[in-house]
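Novice: What follows is a structure written as structure tokens; I'll ask about it next.
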Amino acid sequence: MQEVRGALQGGWARLGFQRLTSVASSVYSFFDKTISIGEMEARKLRHDPTELITRAVQPALWLLVFGEVMANVGAIKPPGNLSYMAFLAPGILAQSVLFIAIFYGIAVIWERDLGILHKFLVSPTPRQALVLGKALSAGVRALSQLIIVYALTLLVGVAIDWNPLNLLLVIVAVFLGSALFSTFSLIIASLVKTRERFMGIGQILTMPLFFASSAIYPISIMPGWLQVISRINPLTYEVDALRGLMIVGGTSSFGVGFDMLVLLAGMIALVMIGSWLYPKVVM
């Protein structure tokens, strides 16, 4: 009887180990394919490095022109002891990430027109890995904006928090924000399916998302209806996290942990929706 019980226990142990190994192998395969897709997308930057230079124009205009003018006017009083330039810099970084990510979906339409998308869809790569890989590549592209905005922020004399942990969390916030908005862009591309319509919708969305956030002015000075919209705008939470991490003396209104949780939850939800809609681009 003891031998039978021992054999059964050994069989269950081997079965449990096999299941654990299978799950671990599946998880590894998923992330390996996700990173491969992301690396393939990010590699395109090497073929067009001028793209990084042209992306520096917009944050430079906002910080060096708009920021300096508004700081001299003194019409907006940031909370705490922050100068307006210190208040503005994290918002411009979030805005730069948004503007890159929101038009990322047009690449999906190009891939469909070139036949590349069909090859992705017939491959054994899970749809979630395809969507998440593209989101990660958008995050890599957004890191160039982080470097540009940090350099511009130093140029205008704003004190940056160089704490290694805060720097790491800034990178995480930029990645999460870029992944969220690029996946949102992919969902739009899956629905509209034409470049012209996509560009029109993208342009319509960027400005409301930007101005209905705390990027260039505090939520407290907004009218009541706009405050409600701002609090459901994911860009507000990215700006809030960056403001608490990036600038010396900066504070987060909602808490950095809560901001990150909102961005992560939003990204996961959009990746799941995007992976369901992704095949519909070819229809």
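Quick note: the coordinates plus some simple rules give every number you see, no bench work behind them. None of the values given here were measured: they were computed from a predicted structure. When we count neighbours, we look across all protein chains shown, and the Cβ atoms used for this are built from the backbone with ideal geometry, even at glycine.
Novice: Amide H neighbours of Ile160 under 5 Å, at least 5 residues apart or on other chains, H built in the peptide plane: list them.
Specialist: Val248
Novice: Could I have the simple spin-label model distance between Leu143 and Gln58, label points 7 Å from Cα toward Cβ, reported in nm to one decimal?
Specialist: That separation, rounded to one decimal, is 2.1 nm.
Novice: Further question: State, to one decimal in nm, how far the label point of Met272 lies from the label point of Gln203, with both points 7 Å from Cα in the Cβ direction.
Specialist: 3.5 nm
Novice: Can you tell me how much longer the chain between Val65 and Ser220 gets when fully stretched, taken as 0.36 nm per residue apart minus their C-alpha distance, in nm with one decimal? Before the final figure, lay out each step's value.
Specialist: Values: separation 155, 0.36 × 155 = 55.80 nm, distance 2.43 nm.
Result: 53.4 nm gained on full extension.
Novice: Could you please report the charge total around Leu261, scoring K, R as +1 and D, E as -1 over all other residues with beta-carbon less than 13 angstrom from its beta-carbon? Could the numbers behind the result be given before it?
Specialist: On the way: positive: none; negative: Glu238, Asp240, Asp259.
Residues near Leu261 contribute -3 overall.
Novice: May I ask for the net charge around Val170, where only other residues with Cβ less than 12 Å from the Cβ of Val170 are counted and Lys, Arg are +1 while Asp, Glu are -1?
Specialist: Numbers: positive: Arg243; negative: Asp161, Glu238, Asp259.
Neighbour charge sum, excluding Val170 itself: -2.
Novice: Compute the distance in nm between two label points, each set 7 Å from the Cα along the Cα-to-Cβ direction, one at Leu155 and one at Ala265.
Specialist: 3.9 nm
Novice: Starting with the highest mean, order 158-167, 181-190 by the number of other Cβ atoms within 10 Å, averaged over the residues of each peptide.
Specialist: Values: 158-167: 13.9, 181-190: 27.2.
Put in order of decreasing packing, that is 181-190, 158-167.
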